[in-house]
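The values are calculated or read from the model by the stated rules, or taken from the named source; none is laboratory data. Predicted model only: the values in this text are computed from it and were never measured. FYI the Cβ positions are ideal-geometry reconstructions off the backbone, even for glycines, and counts take in every protein chain you see.
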Amino acid sequence: MKTMLGQDSWQHIVHHSDIMRVYEVQLSMNEHANHNFCFPFDSLLTVTDGQVFVESPFEESSLKANQALWLSHNQAIRCVAVTPVVRLFVVVFIGQTKRQQQRFERFASGTEHKHECSNGVTHWRVDNKDLGKVEWVMLPAHYSEPSYYVKESEQFFLPLNYDQSLYVTYDHEHMEPVAQSGLVIPQNQSHSLLNVANKPITYLSITSPYPHLSRILKLKPNPA
């Protein structure tokens, strides 16, 4: 359910569980440009559209699309829209209070460690083993990944530059589009992501808690 902050501004809880809570926020410069956050647990803030000015008692920063900040628990911040419309997401890692750094730790897609796989998939990984595995992933055109599941971890997938090209299948069954607000995969849920576009697409992937065991492939049963 959306909490309206104005005609074009709102806050929405996309997902809530014992592992993570995901907020989607849209700010409009003309009606609700300022928004305050303070969460009891460590979190990650990322911008998908527009540009936002971020201020804490210790420093100031700004974020554009596909840039992100690690935030420590009980860290009060103020976000101010500096473009007509800003869309951002905050992922709160429930129960996690290990991060002690009060200054912003900023990162962005394209600036992190890049790994190109032989199958054409590209990863930019941001490791924080106290909180989760965070990475931007670029899938080649018409790529379908093998079906797999992760034990004891939830996954949040957020399409970037949304154009309805990212799909998910569960247990090799029907395909569903991944919404603009993202998709959460529960623990032990077998799934596969598919790019249906004629060009590469990129999405943000967050897995929490950090998956210390490799993902487990789900083999497709042979037809009788």
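Details
- When the residues of segment 91-146 are filtered to those that are closer than 15 Å to T202 by Cα, within 17 Å of the chain's Cα centre (by Cα) and small (G, A, S), the one that is modelled with the lowest pLDDT is G110.
- Residues of segment 170-211 that are out of contact with any strand residue (DSSP E or B) (no Cβ under 9 Å at 6 or more places or on another chain) and either at pLDDT 95 or above or among the small types (G, A, S) (or both): N198, K199.
- Count of segment 144-189 residues which are closer than 22 Å to I216 by Cα, touching a residue at least 12 places away in the same chain (Cβ under 8 Å) and among the charged types (D, E, K, R): 5
- R78 vs. criteria outside any loop (DSSP other than H, G, I, E, B), in contact with a Leu (Cβ under 7 Å, 6 or more places away or on another chain) and basic (K, R): no
- Filtered residue count, segment 172-192, keeping only those that are among the hydrophobic types (A, V, I, L, M, F, W, C) and closer than 16 Å to P211 by Cβ: 2
- Test result for R99, touching a residue at least 60 places away in the same chain (Cβ under 8 Å), of a type outside the set (S, T, N, Q) and surrounded by 15 or more Cβ atoms within 10 Å (Cβ to Cβ): no
- Enumeration of residues in segment 44-59 that are assigned to a loop (DSSP other than H, G, I, E, B) and farther than 15 Å from A33 by Cα: S56, P57, F58, E59
The rows are residues; the columns are (1) of a type outside the set (D, E, K, R); (2) in contact with an Asp or Glu (Cβ under 7 Å, 6 or more places away or on another chain).
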site	(1), (2)
D8	no, yes
H15	yes, no
A33	yes, no
F37	yes, no
T46	yes, no
D49	no, no
E55	no, no
E59	no, no
Q75	yes, no
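- Inter-residue pairs, beta-carbon under 8 Å, first more than 24 Å from M20 (Cα to Cα) and in segment 207-224, second modelled with pLDDT of 65 or more and among the charged types (D, E, K, R), 6+ apart: K218/D171
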